[in-house]
Amino acid sequence: MSAQSHVERQRRAVKGIFLLFITLLGLFWLATALDTALGLGLGWDRQALWAAPLMALFGFVLRLVCLSFLTFVERNY
């Protein structure tokens, strides 16, 4: 296995995990917003309304760091 194919698999994995994280975070935020706005009484944590965007921002920064590191590895292997 070449280094380039290995790095490309790692890059796809980072993107896939980030997509899964953002999807689940978005669903969590939506459920909390609906519970709060409609008064459904399901007990979703209201702190998610402000914490979820911060978590998404941190995830995006972490994704950029990972992709930058993989680019560095690919260029120097």
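The values are calculated or read from the model by the stated rules, or taken from the named source; none is laboratory data. Bear in mind that the values here come from a model prediction, so they are computed numbers and not experimental data. A quick note on method: Cβ atoms are made from the backbone with ideal geometry, for glycine too, and the neighbour counts reach across all protein chains shown.
Take the conditions part of a helix (DSSP H, G or I), in contact (Cβ under 8 Å) with a residue 60 or more places away in the chain and surrounded by 12 or more Cβ atoms within 10 Å (Cβ to Cβ) and apply them to Q4. Does it pass? Answer is no for this residue. Restricting attention to the range 18-48, the residues that are loosely packed, with under 14 Cβ neighbours inside 10 Å and either in a helix (DSSP H, G or I) or touching a Phe, Trp or Tyr at 6+ places or on another chain (Cβ under 7 Å) (or both) add up to 10.
Determine whether G43 is of a type in the set (G, A, S) and at pLDDT 90 or above. The answer is no for G43.
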